[in-house]
Structures are given as C-alpha cells and as structure tokens.
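Working notes, beginning with the structure itself.
The values are calculated or read from the model by the stated rules, or taken from the named source; none is laboratory data. None of these values were measured; they are calculated from a predicted model. Here the Cβ is made from the backbone with ideal geometry for all residues, glycine too, and neighbour counts use every protein chain on show.
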C-alpha cells in the first residue's frame with residue numbers, strides 16, 4: 001500500500017511543483033521549523049527536511065524560501081510564488097490557506113525569572129503580571145484571547161536572548177510566551193531565567209496550500225502521513241535537537 005501511495009505522489013509532481021522546482025516558504029525565525037547557519041547560509045530543521053524529502057519523492061529540485069513571519073509565508077503561497085508553506089495551525093490563518101495534517105506537535109512554554117513565584121502556566125493569569133509575546137505568532141494570538149487578568153505586551157519581533165533576560169530580570173515582564181524550543185534556547189544563555197515545566201499550548205506544525213486546492217492537499221497529506229509513520233519526522237526532530245516537540249499522531 002505504501003509503495004502505491006508513493007508512486008501516486010510521484011505522478012503528482014506537475015501539480016505540486018509546476019515549475020519543476022518545489023518552492024517551500026518557511027519561518028526563518030522559528031527554530032522549530034528551521035535554522036539558518038549565519039556563516040554558511042545552510043538551512044536545517046524539520047521544515048527543511050520535509051521539503052527536501054517531498055521534492056525527492058516528486059523527483060524535482062527544491063527551493064527553500066525563508067520568510068520573516070506567517071503573513072509573509074501566506075502571501076507567498078497565495079501569490080503562487082511558493083508551492084507550499086510551513087506554519088503552525090491557527091484558526092485565522094485557516095481562513096486564508098488550507099492546512100495539511102500536522103507533522104509534528106509543538107509545545108509552547110512561558111519563560112520567567114529564575115526566582116519567580118510562577119510555577120505553572122495557570123499561575124500566569126493574574127493581576128500585576130505582564131506577559132510578552134510576538135505579534136502574529138500563535139502564542140500571541142492564544143494569550144491575547146485567553147488571558148483574562150494578566151496584561152499582554154505585544155512585540156513586533158522576537159527580542160534577543162540578552163534583551164529578553166534583561167526584561168524578565170528587571171521586572172519589566174513577568175513572563176514571555178513562545179514555543180518551547182525558543183524559550184529553552186534563551187534559558188540556556190542565563191541562569192537568571194527558567195522555562196515553566198508545563199505547556200500553556202500545544203499546536204500542530206503543518207504544510208499549507210491555497211484554500212480550496214483539495215487535489216494538492218490530498219497528495220501532501222499522503223506524504224505527511226507516510227513521513228510520520230515511517231519515522232522520518234521523528235528523525236528530523238532528533239537531527240534538529242529540538243525539545244518539547246513530538247511527532248503528530
């Protein structure tokens with residue numbers, strides 16, 4: 001059955017990559033998707049691995065297209081400048097693009113000062129707490145919609161590790177909401193901050209195509225489901241040394 005599915009995917013190459021190259025847009029600033037080596041420009045990570053593997057199975061070349069935010073990924077896909085995009089599943093985005101089955105589940109955690117009395121995610125939602133989050137990211141959308149007592153401060157871009165540590169230590173912020181990998185990277189730079197043990201949100205990472213393109217989406221789902229079942233996604237997570245991420249089921 002798997003061989004038949006893969007052969008059908010190979011036949012779908014003209015539909016999935018009409019230019020002869022699979023053009024894949026991804027979030028350049030999200031380590032859960034990919035990392036770009038500042039010295040060599042080499043791109044690694046699950047989104048890059050998935051795009052390269054899909055291109056290999058289609059028998060075409062791949063072009064990885066780093067984008068600054070989710071809006072830019074969606075714009076590329078809708079303008080047909082990219083054949084596929086990689087994004088976290090989110091309701092508002094689903095009004096613009098269609099999501100495949102998720103390939104991995106992304107854990108999201110709060111970063112707090114090391115000596116903070118905040119121990120669990122539920123402790124964050126109280127008066128006097130200011131939570132930072134980046135505009136348009138799934139974490140910001142979630143906390144802005146769900147925190148009732150805490151104040152949410154929205155940033156235009158992700159602060160540097162140093163800046164984020166400084167804001168938490170000074171009390172400018174009491175918590176920062178982002179994916180667990182990003183917060184873990186910051187926590188590793190300083191003993192003055194820590195990441196809460198529990199996730200405030202778990203959300204799928206998936207492949208997107210223009211809304212209504214059911215034929216293309218069907219072929220991509222065939223690939224995603226096989227990549228999950230075969231162990232390919234788990235291998236990609238392991239290679240990227242990601243924490244708080246798991247294969248979607």
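With the structure loaded, tell me whether residue 132 is in contact with a strand residue (DSSP E or B) (Cβ under 7 Å, 6 or more places away or on another chain), in contact (Cβ under 8 Å) with a residue 40 or more places away in the chain, over 29 Å from residue 232 (Cβ atoms) and crowded, with 22+ Cβ neighbours inside 10 Å or whether it fails that test. So residue 132 fits the description; yes. Restricted to strands (runs of 3 or more DSSP E) entirely inside the stretch 185-249, those with at least 3 residues that are in contact with a helix residue (DSSP H, G or I) (Cβ under 8 Å, 6 or more places away or on another chain) and farther than 27 Å from residue 81 by Cβ are 193-195, 245-247. Only residues that are in contact with a strand residue (DSSP E or B) (Cβ under 7 Å, 6 or more places away or on another chain), modelled with pLDDT of 95 or more and either within 22 Å of residue 181 (Cα to Cα) or part of a helix (DSSP H, G or I) (or both) were counted across the stretch 148-159, and they come to 4. When the test is whether a residue is at pLDDT 95 or above, closer than 18 Å to residue 201 by Cα and either not assigned by TED's automatic domain parsing to the domain that holds residue 67 or not in a loop (DSSP other than H, G, I, E, B) (or both), residue 131 passes it.
Contact annotation: residue pairs with Cβ atoms under 6 Å, 6 or more positions apart or on different chains, pairing a residue in the stretch 36-51 that is assigned by TED's automatic domain parsing to the domain that holds residue 25 with a partner that is assigned to a loop (DSSP other than H, G, I, E, B) and crowded, with 23+ Cβ neighbours inside 10 Å, are 43/34; 45/33; 45/34; 47/33; 47/34; 48/34.
What is the one condition in (1) assigned by TED's automatic domain parsing to the domain that holds residue 134; (2) touching a helix residue (DSSP H, G or I) at 6+ places or on another chain (Cβ under 9 Å); (3) surrounded by fewer than 17 Cβ atoms within 10 Å (Cβ to Cβ) that residue 115 does not satisfy? Result: residue 115 passes all but (2).
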